[in-house]
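Here the structure is laid out as structure tokens; the discussion comes afterwards.
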Amino acid sequence: MGGLAKERIGDAALAAKTGKSWGEWFKILDAAGARDMDHKEIAAFLAKRYGAERGWWWQMITVGYEQERGKRVAHEKPEGFEVSSSKTIAAPLGSLYRAWTDENLRKRWLSDATFSIRKATPNKSIRIKWGEGPGRVSVMFYPKGAKNLVTVQHGKLPNAAAAKKTQAYWKERLEQLRGILEK
């Protein structure tokens, strides 16, 4: 369908959770005049008409609708573009966390980065102010036994081209990190 992101949830899963497929939601929103509404208005319409308890689903349907109708492109958010990248790494969670917080270790895989850590919760998350601009990075750590998952979300990017470049950057950086920690 149109401009929807590749990673959108499928019709069957959406219908199982909300009672309707993408096409059905698009028809409902078109009939409600959603082409002329902003994001908050569309989500509020869904919550008011179909119940606030599915707020996350209404947000997802709103984004899907905006993408489908050309009001938003993949990775676009109200405050700019946001991408994410994840990597499962066979290393202790503490080592994975230290790879971000220990400057000497970080230089081995993320030497070109300029950032400051705004908030850190050991072995769980790090919030980063990226570079000189408005960039924002959230790093999350998830225990998975002998292997652990790190997820990077980089937001407030200026456009789709920057989002694509940044996503490739993080994929490459996390692969390099994996190579260092799994030695």
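The values are calculated or read from the model by the stated rules, or taken from the named source; none is laboratory data. Because the structure is a prediction, the values reported are computed rather than measured. Using ideal geometry, Cβ is built from the backbone for each residue, glycine included, and neighbour counts are taken over all protein chains shown.
Of all residues being hydrophobic (A, V, I, L, M, F, W, C), surrounded by fewer than 16 Cβ atoms within 10 Å (Cβ to Cβ) and not in a loop (DSSP other than H, G, I, E, B) in the stretch 16-33, which is modelled with the lowest pLDDT? Just the residue, please. Step through it out loud before you land on a result.
Taking the stretch 16-33 first, the residues hydrophobic (A, V, I, L, M, F, W, C) are 16, 22, 25-26, 28-29, 31-32.
Filter once more, so that each one left must be surrounded by fewer than 16 Cβ atoms within 10 Å (Cβ to Cβ): 16, 31-32.
Filter again for not in a loop (DSSP other than H, G, I, E, B), leaving 16, 31.
Values: 16: 90, 31: 96.
This residue is 16.
Looking at (1) within 18 Å of residue 83 (Cα to Cα); (2) in a strand (DSSP E or B); (3) out of contact with any helix residue (DSSP H, G or I) (no Cβ under 7 Å at 6 or more places or on another chain), which is the only condition residue 150 fails?
Result: residue 150 fails condition (3) only.
So how many residues does the stretch 39-61 have that are within 19 Å of residue 82 (Cβ to Cβ), surrounded by 15 or more Cβ atoms within 10 Å (Cβ to Cβ) and out of contact with any Phe, Trp or Tyr (no Cβ under 9 Å at 6 or more places or on another chain)?
3
Looking only at residues that are in contact (Cβ under 8 Å) with a residue 60 or more places away in the chain and more than 15 Å from residue 183 (Cα to Cα) in the stretch 83-111, which one is surrounded by the fewest Cβ atoms within 10 Å (Cβ to Cβ)?
Within the stretch 83-111, the match that is surrounded by the fewest Cβ atoms within 10 Å (Cβ to Cβ) is 86.
For the stretch 41-68, which positions are modelled with pLDDT of 90 or more, within 23 Å of the chain's Cα centre (by Cα) and over 18 Å from residue 11 (Cβ atoms)?
41, 42, 43, 44, 47
Can residue 167 be described as part of a helix (DSSP H, G or I) and of a type in the set (S, T, N, Q)? Working first, answer last.
Working: part of a helix (DSSP H, G or I): yes; of a type in the set (S, T, N, Q): yes.
Yes.
List pairs: first residue in the stretch 23-40 and in the same structural domain as residue 64 (by TED's automatic domain parsing), second residue basic (Lys, Arg) and part of a helix (DSSP H, G or I) anywhere in the structure, Cβ distance under 9 angstrom, at least six positions apart or on different chains.
28/49; 29/35; 32/49
Yes or no, residue by residue, for (1) closer than 30 Å to residue 34 by Cα; (2) of a type outside the set (A, V, I, L, M, F, W, C):
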position	(1), (2)
60	yes, no
78	yes, yes
81	yes, no
148	no, yes
166	no, yes
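Tell me which of these residue 132 doesn't satisfy, since it passes every other one: (1) of a type outside the set (Ser, Thr, Tyr); (2) within 19 Å of the chain's Cα centre (by Cα); (3) at pLDDT below 90.
Unmet condition: (2).
Looking only at the stretch 122-141, which residues are crowded, with 18+ Cβ neighbours inside 10 Å, within 17 Å of residue 93 (Cβ to Cβ) and not aliphatic (A, V, I, L, M)?
We begin by selecting, within the stretch 122-141, every residue crowded, with 18+ Cβ neighbours inside 10 Å; these are 126, 128, 130, 135-137, 139, 141.
Filter again for within 17 Å of residue 93 (Cβ to Cβ), leaving 126, 139, 141.
Of everything in the stretch 122-141, just one residue is crowded, with 18+ Cβ neighbours inside 10 Å, within 17 Å of residue 93 (Cβ to Cβ) and not aliphatic (A, V, I, L, M), namely 141.
Can you name the condition, by its number, that residue 36 falls short on among (1) crowded, with 17+ Cβ neighbours inside 10 Å; (2) more than 29 Å from residue 16 (Cβ to Cβ)?
Of (1) crowded, with 17+ Cβ neighbours inside 10 Å; (2) more than 29 Å from residue 16 (Cβ to Cβ), only one is false for residue 36: (1).
Report every pair of residues separated by at least 6 positions or lying on different chains whose Cβ atoms are under 8 Å apart, first residue within the stretch 146-164 and on the phi > 0 side of the Ramachandran plot and not assigned by TED's automatic domain parsing to the domain that holds residue 136, second surrounded by 15 or more Cβ atoms within 10 Å (Cβ to Cβ) and in a strand (DSSP E or B).
Short answer, once both residue conditions are applied: none.
Please go through the stretch 70-99 and pick out each residue that is part of a loop (DSSP other than H, G, I, E, B) and at pLDDT below 90.
So in the stretch 70-99, the residues part of a loop (DSSP other than H, G, I, E, B) come out as 70-75, 78-79, 90-92.
Scanning the stretch 70-99 gives 70, 71, 72, 73, 74, 75, 78, 79.
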